[in-house]
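Any read-out appearing in this document is the output of simple, stated calculations on the displayed coordinates, not a laboratory observation. The shown structure was predicted, so the numbers you read here are calculated from the model rather than taken from an experiment. All Cβ positions, even for glycine, are placed from backbone atoms using ideal geometry, and neighbour counts span all protein chains on display.
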Amino acid sequence: MSATEPVPTSDRELVLTRLIDAPRAALYRAWTEPELITQWFVPKPWSIALAETDVRAGGTSLIVMRDPEGTEYPNRGIYLEVVPNEKLVFTDAYTSAWEPSDKPFMTVTVTFEDEAGKTRYTARARHWTVADREQHEQMGFHVGWGFALTSWRTRGHIAETIVPDVGGAEPSGVRGPAPWGRWPAGRLQPRRIGMAFLQDLYPDDYSHCHGCGRLNPHGLHIKSEWRDGETVAHFMPGEYHIALPGYVYGGLLASLVDCHSIAAGAAAAMHAAGELPGRDETPRFVTGSLHVDYLKPTPMGIELVLRSRAEEVGGAQR
C-alpha cells in the first residue's frame, strides 16, 4: 500500500495508486476480461449485471452496474490506447463506432508497472471540467476505487479462482448513486468526502461482528472515521435499544465503546506506520479488556458521539 497519493497533473484530474503483490498480467486480466470484471468491479451489495469488452484501440466497452434495489446503470465507453499488461486508456466521450456520448465525463489512464517484485497500479481520471472532477470526488473516487481494490485483494475465495492476491479499482463513469456512499438511514453520519468508515475496510473474514460487521445484516453497523489523529463515531439508538423507559440499554453503550475502540486502535497503528486510515485496508484488532463506568443514565432520542485518541502505540501481542 502507498502511504501517499501521487499529485494530480491538473485541477481536473483525480489519481490513485497502490503497490499490489500480484503480477502485471494478472491485474491487466482483471481489468479486461468480462468474467473477472463481474467479480470485483463494484463493492457489495452492488453487482455487475453485464460486462462486455473489445480490448483494442477503438474497441467498445459496456459495464452495467446494478444497485441493491435492482436498478441498473449502463456505462459505455471506448478504448483509446491498449498496451497489454502495461497500460489502458479509455473514455466515456464516445459510445460505439466513435459515436459521441450525450455527456462526456472523463478519460481514464490505468498503468501497471513492475516495482520491487510487485506491481505499481495507478489510475488517473481526467475530467472535462473542474465541476466534473469535484462531482467524482464527492461520489467517492478515492474510497470507491480503492475499496473495490482492497475488497477483492482480501476476498480469498475469489482470488484463488483467478490469480493470487489480485486487486483492481471501481469502474469509470459512475452516474447512479455511489454504493460506497450508502449507510443505514437515521443511525449513522456520512463520512467525510474521500474517506471510508474504518469498519468498511475490514477484510471480509473479519466483517461479521454483531457490533461493527458490514456483512452482518442483523448487526449494529457501528461506523468510525479517522479525523486527523482522532477517531469519531456517531450512533442514533433505536426505540428498541431501551433499558428503563426513556433510557438507553447499557449493553449497547458497552458495544459502542468496544467496537469503536478497536477501530480507533487500528487507525492509530496505521497512522504510526505511515498508512492511511480510511483509505487503506483496516487491520482487525481485538479487545484485551473492557471496563465501562456508567456515570449517569443515557436518555433516548439523542445522537451518541464517541471520540477517541490513542495515548500510546505499541507492538502487537500474540
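For this structure, a couple of remarks:
- When the P(r) is computed for region 1-129, the part past 26 Å accounts for 24% of the Cα-Cα pairs.
- Per-residue Cβ neighbour rank within 10 angstrom, fewest leading, Tyr202, Tyr294, Tyr249: Tyr294, Tyr249, Tyr202
- In region 81-130, the GluC sites (Glu not before Pro) that fall in loop regions by DSSP, at most 15 other Cβ within 10 Å: Glu86
- Excluding same-chain neighbours fewer than eight residues apart, no aspartates and glutamates are reachable from Lys296 by a Cα-Cα span under 16 Å.
- Per-residue Karplus couplings for region 121-138, computed as 6.51 cos²θ - 1.76 cosθ + 1.60 with θ equal to phi - 60°, are listed in order as 9, 10, 10, 10, 10, 9, 9, 5, 9, 4, 4, 5, 4, 5, 4, 5, 5, 5 Hz, Gly and Pro entered as x.
- Note on Leu244, Leu295, Leu253: ascending count of other Cβ atoms within 10 Å places them as Leu295, Leu244, Leu253, the fewest first.
- Footprinting exposure proxy for Leu62, Leu201 (fewest neighbouring C-beta atoms within 10 Å first): Leu62, Leu201
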